[in-house]
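Student: Sending over a structure as structure tokens; questions will come in a sec.
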Amino acid sequence: MSELRLENLRKTFGAIAAVDDLSLRVADGEFVVLLGPTGAGKTTTLRLAAGLENPDAGAVFIGGREVTGLTPAERDVAFVFQQYSLYPHYTVFDNLAFPLRAPGRKWPEERIRSRVEEIAAMLDMEHKLQNRATQLSGGEMQRVSIGRALVRAPNLFLMDEPLSSLDAKLRESMRVELKRIQRDLGATILYVTHDQLEAMTLADRIGILEDGKLVQVGAPREIYENPVSVHAARRLGSPPMNILPPQALGLPDLPPAAAQIGIRPEDVELGGDSGIVARVESLEHLGASMVAGLGFGNERLHVLLDDSQRLRRGQQITFTLNREKIICFDSQGRRIDAPPAA
Amino acid sequence: MTARDRTSLAQKAARATPEPVARRIRGLSDRALAWLFISPTIILLLAINIFPLIWTIYLSFTNYHANRPNMNVRWIGLRNYQRILGSEDIWGYLQVTAHFVFWTMVLQLLLGFGLALLINRNFRGSSFWTTVILIPMMLSPAVVGTFWTYLYQPQTGIFSYIVNAFYDFGPLDMIGSVKLAPWAIVIVDTWMWTPYILLLSLAGLRSIPDYLYEAAEIDRANAWQKFWHITFPRVLPFLMLAVLFRGIENFKMFDMVAELTSGGPGSTTELVSITLKRAAFESWKTGYASAFAVILFVTVFGLGNIYVKALNRVKR
């Protein structure tokens, strides 16, 4: 068992609470992604779990054992850093073997060799084992970093935006590879990112962080469809959910407290006679789909359409919102549940 | 920047330039203009570096004496070189120099790097202590040489007093003793230039990102492994650079030692620069001294090049 449990963690730097009363459970074999903007406390949470920082309050449990206050080495976790933390003057082989040669482990060289080769094969790096770390491309370096985490089969993997320094194409292939490796090993992973696509594709569950607080935890689909706040709603989905003032839309029977309403770009329909009149202000073609930016009054709205629609910039058009999909938020940005049908 | 941006920028610059200057400059090609700009540097370089070097090489094959301008200057081929390389005295001075360079480098590396490791812990007042440690480096070498003659006084000097506080050696005649004098100059140079190694080491240490140590910690590396696998290899190029600079400087060390011991007692601290100065400006054997200077130059240049090759390999 290698579940991770964080209980009421709190960490302040000066006057700023980087992590504020955060509790989270990552089940054995689960892939949990923490998603939030820069400064939300994602990395600090990860570092608290790893033991690279000590919490001001709260406790960390790994595999049911309390590890608060223990060093990273004693926790037996692996950490993949945002920067490739390789020993530049060593070969790929020596980099991968380093954790196995650490004192207290003392594996025989032969066993190290077979283990390193096994991991290198998994990462598709067998032919590069004798290369120096500095001769690798960025993607290869990050694969070696991940390999260094994998090589000693630790309890828990902590990953701090490991793909953010790679280019888009590489990021995509590494994402697939990472998910495959996690499934093959049944690894428990807590992963930090600000990229919603990574979160959506990798996570079993996503935790949305805002100002050091965990605002929502759930399966990607669940958060996508039922966000608890404007913040959580706009974190997932691209383009993000439209947030509009209800009076601009003239919607009847909304709850009186509704200060903002949210609607996903794919839940807006164009055409029809009864809709709101708007002007097409921008068009972005994404291949199979396209995003239209509509302007009406002082508001803007993004609509996701399939590419068969023929639109011109500047064109007048009407739109309607899918009433079922409208989500209401109060003036604090918190979700209001729709009123019972009157 | 695209080509068009560049031309329009050039046009704008041309328009902004005052008319007479522009007219004068526009008559010149880019190439001519480039030569115009670098010619002062080249002329200076030729006049004060290249020409003297070539002239020295020429003089080294003659019996020229600078204090006898009316004497016939004769071409004597390699005789100066034969005399220098065949002289046991010269080999003795080279040994003295080698002893000085070797031990100053060893001691300064150990002390400088060690102090850098301490200072790098960023304790309270660490920047104050850094400044204090740097003071000797800022003094003039001749001044340092002179006042250390007082510190080294066997009866009244503080050096002998401090050493005797630890162990009763009796009065230490650092400068007068044949045994101690070679170490006296090593100590002063170390006192003066350890801060330099400290500075470069500190630059190296500060360039190591924290996450490397954190990654190593996660990998269960102990303090010694972190030092050996991260700190040392990362600082090594800086240390090697420091040794290159200081090694060359100390190979041609003159002022501090000339003030402190003037090469004595006997010739136990006579570094090659002191020999060279005596041959050139006391015996006025200009041709002979030129040959010696050429030999020293080739030695430093050759060793320096080998060293730089090694340095580049370490950097890779």
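The values are calculated or read from the model by the stated rules, or taken from the named source; none is laboratory data. Keep in mind that this is a model prediction, so the values were computed, not measured. FYI the Cβ positions are ideal-geometry reconstructions off the backbone, even for glycines, and counts take in every protein chain you see.
Student: Could you please find all residues in the stretch A:91-112 being in contact (Cβ under 8 Å) with a residue 40 or more places away in the chain, more than 7 Å from chain B (Cβ to nearest Cβ) and part of a helix (DSSP H, G or I)?
Tutor: Answer for the stretch A:91-112, where residues must be in contact (Cβ under 8 Å) with a residue 40 or more places away in the chain, more than 7 Å from chain B (Cβ to nearest Cβ) and part of a helix (DSSP H, G or I): A:92, A:95, A:96, A:97, A:100.
Student: For a quick check of your reading of the model, give me the residue pairs whose first member lies in the stretch A:47-67 and is over 12 Å from residue A:3 (Cα atoms), whose second is among the hydroxyl-bearing types (Ser, Thr, Tyr) and assigned to a loop (DSSP other than H, G, I, E, B), with beta-carbon atoms closer than 6 Å and at least 6 apart or on different chains.
Tutor: So the pair list comes out as A:51/A:71; A:59/A:68.
Student: Please pick out the residue among A:165, A:145 that is within 26 Å of residue A:235 (Cα to Cα), touching a residue at least 40 places away in the same chain (Cβ under 8 Å) and within 14 Å of chain B (Cβ to nearest Cβ).
Tutor: Exactly one residue qualifies, and that residue is A:165.
Student: Next up: Going by the conditions given, is residue A:4 more than 14 Å from chain B (Cβ to nearest Cβ) and in contact with a strand residue (DSSP E or B) (Cβ under 6 Å, 6 or more places away or on another chain)?
Tutor: yes
Student: Can you name every residue in the stretch A:231-251 that is modelled with pLDDT of 90 or more and over 21 Å from residue A:211 (Cα atoms)?
Tutor: A:242 - this is the single residue of the stretch A:231-251 that is modelled with pLDDT of 90 or more and over 21 Å from residue A:211 (Cα atoms).
Student: A further question on this structure: Go through B:134, B:109 for me and flag whichever is farther than 20 Å from residue B:291 by Cβ, out of contact with any Gly (no Cβ under 8 Å at 6 or more places or on another chain), touching a residue at least 12 places away in the same chain (Cβ under 8 Å) and surrounded by fewer than 17 Cβ atoms within 10 Å (Cβ to Cβ).
Tutor: Within the list B:134, B:109, the selection yields B:134.
Student: Take the residues in the stretch B:207-235 that are closer than 22 Å to residue B:196 by Cα and in contact with a Gly (Cβ under 8 Å, 6 or more places away or on another chain), then tell me which one is surrounded by the fewest Cβ atoms within 10 Å (Cβ to Cβ).
Tutor: Within the stretch B:207-235, the match that is surrounded by the fewest Cβ atoms within 10 Å (Cβ to Cβ) is B:234.
Student: Go through (1) within 30 Å of residue B:153 (Cβ to Cβ); (2) without any contact (Cβ under 8 Å) to a residue 40 or more places away in the chain one by one and return the number of the condition residue B:268 breaks.
Tutor: The single condition residue B:268 does not satisfy is (2).
Conditions tested, residue by residue: (1) in the same structural domain as residue A:40 (by TED's automatic domain parsing); (2) acidic (Asp, Glu).
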position: A:178; (1), (2): yes, no
position: A:204; (1), (2): yes, yes
position: A:221; (1), (2): yes, no
position: A:247; (1), (2): no, no
position: A:255; (1), (2): no, no
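Student: Take the conditions closer than 26 Å to residue B:135 by Cα, away from chain A (no Cβ under 14 Å) and either surrounded by 16 or more Cβ atoms within 10 Å (Cβ to Cβ) or in contact (Cβ under 8 Å) with a residue 60 or more places away in the chain (or both) and apply them to residue B:177. Does it pass?
Tutor: No, not satisfied.
Student: How many residues are surrounded by 22 or more Cβ atoms within 10 Å (Cβ to Cβ) and either in contact with an Asp or Glu (Cβ under 7 Å, 6 or more places away or on another chain) or not hydrophobic (A, V, I, L, M, F, W, C) (or both) if we restrict to the stretch A:135-146?
Tutor: Going through the stretch A:135-146 one residue at a time, the tally reaches 3.
Student: With the requirement that a residue be assigned to a loop (DSSP other than H, G, I, E, B), farther than 16 Å from residue B:214 by Cα and touching a helix residue (DSSP H, G or I) at 6+ places or on another chain (Cβ under 7 Å), what does the stretch A:39-70 give you?
Tutor: A:55, A:67
Student: Only residues that are of a type in the set (A, V, I, L, M), more than 22 Å from residue A:72 (Cα to Cα) and either assigned to a loop (DSSP other than H, G, I, E, B) or at pLDDT below 85 (or both): list them for the stretch A:139-180, please.
Tutor: Selection gives A:163, A:166, A:168, A:170, A:174.
Student: Out of the stretch B:219-270, which residues are on the phi > 0 side of the Ramachandran plot and within 14 Å of chain A (Cβ to nearest Cβ)?
Tutor: Hit for the stretch B:219-270 is B:220, nothing else.
Student: Related question: Would you check if residue A:123 is over 26 Å from residue B:314 (Cβ atoms) and either at pLDDT below 85 or within 12 Å of chain B (Cβ to nearest Cβ) (or both)?
Tutor: Yes, satisfied.
Student: Residues that are touching a residue at least 12 places away in the same chain (Cβ under 8 Å) and farther than 20 Å from residue A:334 by Cβ: list the strands (runs of 3 or more DSSP E) wholly contained in the stretch A:204-314 that include at least 1 such residues.
Tutor: A:205-210, A:268-270, A:276-285, A:289-296, A:299-306
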